[in-house]
């Protein structure tokens, strides 16, 4: 045991302690805990008629319920079930950040595993918050990731724009994996949205760029409609014009599982004019068996994400996911159910990041 601990401590000395990014984290949900954070999200329930959209405007077959949204094991679960409720034969879930998280431009990234089978339509997307250019799709829609369950190896990124329905237009592209299908493992997705340009990524691979000439809103100058604030939506639909109905081979329940979703803003847009100084200290005690304290300091108030990763790079704990003021702060870390070994803890505050290692006995 002594030799093992000495080896782990020696490994700490060779790990890098910090790096920087071009994007500043301004909002995040790591889905820790056991309930949805309603400070960040609102439920949308029903058949769509409550919002003036019969069957959500797409001939969908589900009734959205709060009960179909759960949080466990550090993840959001959107669950589609075959059950009768509210006159529908299926239930599922839909949440959004409207008036709780709304942004103009930024990088949105998330990690997700998708459902499989005929009739499922999963989406992580954005809608205009204020609809300043008119009804859908004159004010725009940004589909960061869509998948229909009968295409298990394909996801789509699409923009909707033009004029109000039925004079709406769309443009997008598909990404097809050459590895495991999207229902079999988690994939990383990102959209980078800047003035006049959008870029879509899967596992850090750029697969689509749209810019000048790719979208418009009738009677408005480019880059309308994508120059106003938008909010996030996550939902799993059953049936609809695109995926079609479930068939005899479709298995229920199915889940859209989201590990995290994060929003960043570009410093070149005027964010963080004054350089941020951060300090991440070595946890004390270290090594430790039960608990330890991590201390960090900020030169200004920032959104902070403090996470623990195992030696394989897998996130195992989120210690902080909120705003902190300028000054020094102390956060406890518990060994809990973690196995003895080498771990790293990573602090991200604004566009600055730092990482250190610790050993659990």
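The values are calculated or read from the model by the stated rules, or taken from the named source; none is laboratory data. Given the structure is predicted, the values throughout are model-derived calculations rather than measurements. Note that each Cβ is placed from the backbone with ideal geometry, even for glycine, and that neighbours are counted across all protein chains shown.
What the table shows:
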read-out: The lone exception for residue 194 - which of (1) buried (at least 19 other Cβ atoms within 10 Å of the Cβ); (2) over 27 Å from residue 118 (Cβ atoms) it fails; value: (1)
read-out: Yes/no for residue 134 being farther than 17 Å from residue 223 by Cα, assigned to a loop (DSSP other than H, G, I, E, B) and either out of contact with any strand residue (DSSP E or B) (no Cβ under 6 Å at 6 or more places or on another chain) or in the same structural domain as residue 38 (by TED's automatic domain parsing) (or both); value: no
read-out: Members of segment 55-81 that are farther than 17 Å from residue 119 by Cβ and either surrounded by 15 or more Cβ atoms within 10 Å (Cβ to Cβ) or touching a strand residue (DSSP E or B) at 6+ places or on another chain (Cβ under 7 Å) (or both); value: 65, 66, 69, 70, 71, 74, 75, 76, 77
read-out: Subset of segment 82-97 (residues that are surrounded by 18 or more Cβ atoms within 10 Å (Cβ to Cβ) and either part of a loop (DSSP other than H, G, I, E, B) or not assigned by TED's automatic domain parsing to the domain that holds residue 230 (or both)); value: 93, 97
read-out: Selection from segment 285-309 of residues that are touching a helix residue (DSSP H, G or I) at 6+ places or on another chain (Cβ under 7 Å) and crowded, with 20+ Cβ neighbours inside 10 Å; value: none
read-out: Selection count where residues are surrounded by fewer than 19 Cβ atoms within 10 Å (Cβ to Cβ), out of contact with any strand residue (DSSP E or B) (no Cβ under 7 Å at 6 or more places or on another chain) and closer than 18 Å to residue 78 by Cα, scope segment 237-262; value: 1
read-out: Wholly within segment 262-361, strands (runs of 3 or more DSSP E) carrying at least 3 residues that are modelled with pLDDT of 95 or more and over 26 Å from the mean Cα position of the chain (by Cα); value: 291-298, 327-334, 352-360
read-out: Filtered residue count, segment 39-54, keeping only those that are closer than 16 Å to residue 90 by Cα and touching a strand residue (DSSP E or B) at 6+ places or on another chain (Cβ under 9 Å); value: 5
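Every residue, every condition in (1) assigned to a strand (DSSP E or B); (2) at pLDDT below 50, yes or no:
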| position | (1), (2) |
| --- | --- |
| 7 | no, yes |
| 16 | no, yes |
| 26 | yes, no |
| 34 | no, no |
| 37 | no, no |
| 50 | no, no |
| 56 | no, no |
| 60 | no, no |
